1. All but one of (1) surrounded by 18 or more Cβ atoms within 10 Å (Cβ to Cβ); (2) over 29 Å from Arg21 (Cα atoms); (3) of a type outside the set (Val, Ile, Thr) hold for Arg84, so report the exception by its number.
2. In region 105-120, which residue that is of a type outside the set (A, V, I, L, M, F, W, C) and within 10 Å of the chain's Cα centre (by Cα) is surrounded by the fewest Cβ atoms within 10 Å (Cβ to Cβ)?
3. Please verify whether region 113-121 includes one or more residues that are in the same structural domain as Val202 (by TED's automatic domain parsing) and acidic (Asp, Glu).
4. Return the residues of region 147-186 that are loosely packed, with under 12 Cβ neighbours inside 10 Å and not in a loop (DSSP other than H, G, I, E, B); say none if nothing qualifies.
5. Based on this model, can you work out whether Gly179 counts as in contact (Cβ under 8 Å) with a residue 60 or more places away in the chain and either of a type outside the set (S, T, N, Q) or on the phi > 0 side of the Ramachandran plot (or both)?
6. Out of Gly95, Gly108, report the one residue that is over 22 Å from Leu142 (Cα atoms) and out of contact with any helix residue (DSSP H, G or I) (no Cβ under 7 Å at 6 or more places or on another chain).
7. Which ones in region 188-217 are more than 14 Å from Val113 (Cα to Cα) and modelled with pLDDT of 95 or more?
8. Take Arg144 and tell me if it is surrounded by fewer than 16 Cβ atoms within 10 Å (Cβ to Cβ), touching a Phe, Trp or Tyr at 6+ places or on another chain (Cβ under 9 Å), assigned to a loop (DSSP other than H, G, I, E, B) and assigned by TED's automatic domain parsing to the domain that holds Glu62.
Amino acid sequence: MDESGASASGPPDAATIARWRAELARAARVCVLTGAGMSAESGIPTFRDAMSGLWSRFDPAELASEAGFRANPARVWDWYAERRAGVRRAQPNAGHLALADFAARRPGVLTLVTQNVDDLHQRAGQVDAIWLHGDIGADRWLDRCPRRAPCDPSRAAPGRPPRCADCGNLVRPGVVWFGEMLPDGALDAAERAAAACELMLVVGTSGAVWPAAGLASIARDAGARVLIVNPQASEIDAVAHAVLRGTAAVVLPALLRR
């Protein structure tokens, strides 16, 4: 649904941007959900796009599941090493910077929830984001450390992947794989932010991955205004009061400027 006059097939006009900028300026609590499209603007491929070239012959579950990692740890580690290198090369885009600037100007107003596993929001200055799907730059043990005081994965013996020199426990990327639960507390915090906000801004997500896709409905059901920014249609467009067809790097600076 688009009640604001924003075009579903072209970029939003200046009047539409101005109306939603005013709503954002008035809102005392804003929740933002960002997805893969936002990182793609910085050159980080989406999960599916990353499975190209050498990796195109693998099923996603072979590269992003505990079972796939246990079956071939080196292969999965190498795939994530390549993805991590891409994240390190990427830089925050204008959309990341606009969100961080808005949060800095209005402390306590914006809660950022991200489906992305890169650190571009953090490097833009948004240090308190809720990571729903983990952090690709972090390491953790594959199995629970048997020590009373757990070892630090950063001290593991080098390898592909590194492993504990004492017990052989493998290091794995700190992301959420298929079939795994979201990080402790992350979903609860995101759902609370969605339920409490006055305006929910959804940026660059297909709306196909649950439970993150349900946050917009939680916000709307609680009485919030819902605005989607995405150059393509998403599976949750019908939940929104308006959909602005455009990329984060173009639309967010216009929406969030002073």
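1. (1)
2. Asp119
3. Within region 113-121, one or more residues are in the same structural domain as Val202 (by TED's automatic domain parsing) and acidic (Asp, Glu).
4. Answer for region 147-186, where residues must be loosely packed, with under 12 Cβ neighbours inside 10 Å and not in a loop (DSSP other than H, G, I, E, B): Ser154, Arg155, Ala157.
5. yes
6. Within the list Gly95, Gly108, the selection yields Gly108.
7. Glu198, Ser217
8. Here the answer is no, as Arg144 does not meet what is asked.
The values are calculated or read from the model by the stated rules, or taken from the named source; none is laboratory data. All of these numbers come straight from a predicted model, not from anything done at the bench. Every residue, glycine among them, receives a Cβ derived from its backbone with ideal geometry; neighbour counts consider all protein chains shown.
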